[in-house]
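What follows is a single structure, written as structure tokens, with notes after it.
The values are calculated or read from the model by the stated rules, or taken from the named source; none is laboratory data. Here the structure is a predicted model, which means the values were calculated and not measured. Neighbour counts are summed over all protein chains in view; Cβ atoms, including those assigned to glycine, are modelled from backbone coordinates with ideal geometry. Only protein heavy atoms, including side chains, enter the accessible area calculation; ligands, DNA and RNA are left aside. Shrake-Rupley method; radii C 1.70, N 1.55, O 1.52, S 1.80 Å.
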Amino acid sequence: MDPIDDREREFLALTAQLRHHEAAYRAGAAEIPDSEFDEMFERYQELATALGIDAEERLDAKPGADHTDGFETIAHEVPMLSLEKLSPNRRDSKGEAMPLGEQLANWYDRRRKDLELDDDTKLELLVEPKVDGISVSLLYQDGALTRAVTRGDGRSGDVITRQVLAANAVPATLKGMPKTIEIRGELHWPRPAFEAYNERLAAAGESTLVNPRNGCAGLMKRKDPDGLGDAGVTSFLYQVARYEGGELPATQGEVLAWLRKAGAPTYEGEYFLAEDGDAALAYCDGYGERRGNLDYDIDGMVIKVDRLAHWDLLGGTGHHPHWGIAYKFPPERKTTILEGVDVQVGKTGKLTPVAHLVPIFVGGTTVSRASLHNFVELARKDVRVGDTVYVEKAGDIIPQVVAVDLAKRPTDTVPVPRPTRCPTCESAVVEEEIFIYCPNPACPDQIRERLRHFASRKAMDIDGLGEVLVEQVVTALGVRSPDQLFGLKSTDLAGLDRMGKKSADNVIRGLEVAKGRGLSRVLNALAIRQVGETMSEDLAAHFGTIEALLAFAARYVAGDEEAVESVAPEKASERGAIEGMAKKSADIIFAELDSAPVRAILAGLGAAGVELNAKIATVTEVDGVAGKTFVLTGALPTLKRSEAGERIKNAGGKVSGSVSKKTDFVLAGSDAGSKLAKAEKLGVTVIDEDALLAMLE
Ligand code: AMP
Ligand code: ZN
């Protein structure tokens, strides 16, 4: 096979996988650890570069957003970016795995070239542990903490000042600081304190927390932070992002010592000044053996150019700075036997292969099942029943089957067949991109999974209707579609196993409350492919009512050119009226919305009294915006386009998908496509986000 073809194939498969995982992440149902996503993304970037794919045709890199409702969000003056990674999965142009030492040497040489250093000039590196916690940005004014903000999506984050102070997680004051200084650090929860906290929870009969990192994130997002003081959350401060009115030492190592003297917790005693890449790598490798003795979890090391004057010179990309790179410890890896492969049917009918393993203790837990993600991945790894497989697990990460020990393969194995029929209802499967689906909406597995999803917290959030009860209403009461849930009576439910009158009444009340959640929740709850939380919100905000949405879906499906062009412009570089919607997903989404089963469910929901209109804030007309027509294009620095659109509508303005002479303003962000060009040609006023916000005030 031609190697170019191989790379293209891999690139296409990766694109689909990344899209999928991004959507799963946004829906709050991540299937793979962030670290693996990062690795896939890096490989994607590498291939994209090798194949000469234009920047604007590529997927965006987005650090995972952490916004919580009810928290104030604030834009970061200096974005909180990711770090570039040395990756055990990186390959060279011949497809050979590239040793970490070689990767680091390449990085180091590039930095030396960027800085135009001659051979006699040293470039020292400071190596620090990378603790696995929650990034935080801390603003100190006259030495007192005035604001703490989470990383959020990297551009803006949530304000958690009260929480960090109540928890004593960072110093309330620091000595000898410049007038204004923004310090970056990592909140973390040392294991002994975390375990003590869990023991207290268990003693009180409450459910315990899964791991320190998520536990720490949860505490820092408590709306009522009272009583956090004795939980034992703490921090490491490791970086100055900006400062005014004062002096700073010249190197990262000196900054750490200076922060320490000022009263900040730092990686004192744990960092190392290396004279070159080799020395830095040796320290990282050696540190791996010590990490088990620390009382906090670290997921790697960070290697930084020591001299701070170099940081500005080196710059970076929108994803990571060039002054540093992360080294990751290899996750714990063991071998075991693959006993079988099960196929699970999900709510959209997607078939997922799941590995059954001879139980093995790895990464702190006993593992007997592991996701194999999809059948392309399965074929790529060529995992066969009876094989000795390598299983990896690190920290709270989902266990992974990473490879096969071919030397131990028994002689009589066969590749796992791609299913041609659904294992549950035996319908012939359909294939789409890298995934295989059971197309039968009446498939019992799909029915159950869809109802579970419908009732789940991020969908209709039906109090009392958990997974076990869903199973029962399906098998014992014959419920098939979500609208039928609203026809249930307390007496129906009270007859079920382990259900009393009180819990039955509770479920009925839960259903009653859920009726008012509004269009975006309903759309998310329908389990339509490609429609997760974000897409549901965007659709609801754009169309406002179910009638408008369904009417549009019908036009789209009928091939109405204007409809198609408005959401899925022909040129990939242009953005349609709905953020993040590409032609391929639009095809799927509107076809499903227009399908008879979905229309029937929506009709049933409407008849049951479920709210099918978007919850729209009341319009308060703002002079200069009311009555004007806006067209939005490009990515805005802080607002999502849907949010900007909503604010315009709330102020009495109109939002349109295409630029014409009637357009009053074009709101343009970065990567604005041809709409901007057209606006300029027609002489339409072009504004940016700041200008819009000023108009809305
Ligand atoms: P990542 O999110 O994996 O791309 O890595 C970047 C994150 O590592 C930053 O946002 C920090 O929260 C975290 N981190 C932990 N320790 C350090 C450190 N010593 N230096 C820089 N970043 C660190
Ligand atoms: Zn089926």
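Heavy-atom surface analysis with a 1.4 Å probe gives the stretch 571-685 a carbon and sulfur content of 53 percent of its accessible area.
Let's see if you can work this out: charge +1 on each Lys and Arg Cβ, -1 on each Asp and Glu Cβ, no other charges. What is the dipole magnitude of the chain about its Cα centre, in debye to the nearest 20?
Rounded to the nearest 20 debye, it is 1840 debye.
At an R0 of 45 angstrom, the distance between the Cβ atoms of Lys334 and Asp278 translates into a FRET efficiency of 0.90.
For the stretch 412-421, backbone phi angles converted through the Karplus equation (6.51, -1.76, 1.60; θ = phi - 60°) give residue-by-residue couplings of 9, 7, 10, x, 5, x, 6, x, 9, 10 Hz, Gly and Pro being listed as x.
Ligands, DNA and RNA aside, Glu254 has an accessible area near 90 Å² when probed at 1.4 Å.
Going by accessible surface with a 1.4 Å probe and the largest first, Met535, Met695 read Met695, Met535. Relative to the current alpha-carbon distance between His67 and Thr180, full extension at 0.36 nm per residue lengthens the span by 38.1 nm. Once a ≥ b ≥ c are taken as the square roots of the eigenvalues of the Cα gyration tensor of the chain, is the result rounded (a/c under 1.5), prolate (a/b larger than b/c) or oblate (a/b not larger than b/c)? It is rounded, given that a/c, with a ≥ b ≥ c, falls under 1.5. Once both labels are positioned 7 Å from their Cα atoms along Cα-to-Cβ, the gap between Ser503 and Gln344 label points is 2.3 nm.
When Phe454, Phe11 are compared by accessible area of protein heavy atoms, the largest-first order is Phe11, Phe454, using a 1.4 Å probe. Compute the distance from the alpha-carbon center of the stretch 367-420 to that of the stretch 277-300, in whole Å. With the stretch 367-420 and the stretch 277-300 each reduced to a Cα centre, they are spaced 29 Å.
Name the residues of the stretch 293-307 whose amide N is less than 20 Å from a point 7 angstrom out from the Cα of Asn168 along the C-beta direction? Within reach of a label on Asn168: 295-296.
Legend: calculated FRET efficiency, Thr475 to Ala677, from the Cβ-Cβ distance at R0 = 41 Å, rounded to 0.05, equals 0.10. For the stretch 256-319, the spread of Cα coordinates along the three principal axes comes to 38, 32, 26 Å, biggest extent given first.
Pairs of C-alpha atoms in the stretch 576-672 farther apart than 16 Å represent 67 percent of all such pairs. Positive contributions from Lys and Arg (+1) and negative ones from Asp and Glu (-1), summed over other residues with Cβ under 12 Å from the Cβ of Ile601, come out at +1. Counting only cysteine Cβ atoms and a cutoff under 4.7 Å, the chain contains unmatched residues Cys216, Cys284. Extension gain for the segment Asp295 to Glu621, taken as residue separation times 0.36 nm less the Cα-Cα distance, is 111.7 nm to one decimal.
Could you give the accessible area per residue of the chain, probe 1.4 Å, as a whole number in Å²? Provide the component values of the computation, followed by the final result.
Details: 33470 Å² over 697 residues.
Each residue of the chain exposes 48 Å² on average to a 1.4 Å probe.
For Ser207, the solvent-accessible surface with a 1.4 Å probe is about 100 Å², rounded to the nearest 10. Solvent-accessible surface of protein heavy atoms, probed at 1.4 angstrom with all chains present, puts Glu199, Glu268, Glu533 in the order Glu199, Glu268, Glu533, largest first. The distance between label points at Glu8 and Val159 comes to 5.3 nm (points 7 Å beyond Cα on the Cα→Cβ vector). The modelled label-to-label distance between Glu195 and Lys408, using points 7 Å beyond Cα along the C-beta direction, is 3.0 nm.
Pop the C-beta distance of Thr685 and Leu313 into the FRET formula with R0 = 41 Å and round what comes out to the nearest 0.05.
Values: r = 38 Å, r/R0 = 0.93.
Efficiency, from the Cβ-Cβ distance: 0.60.
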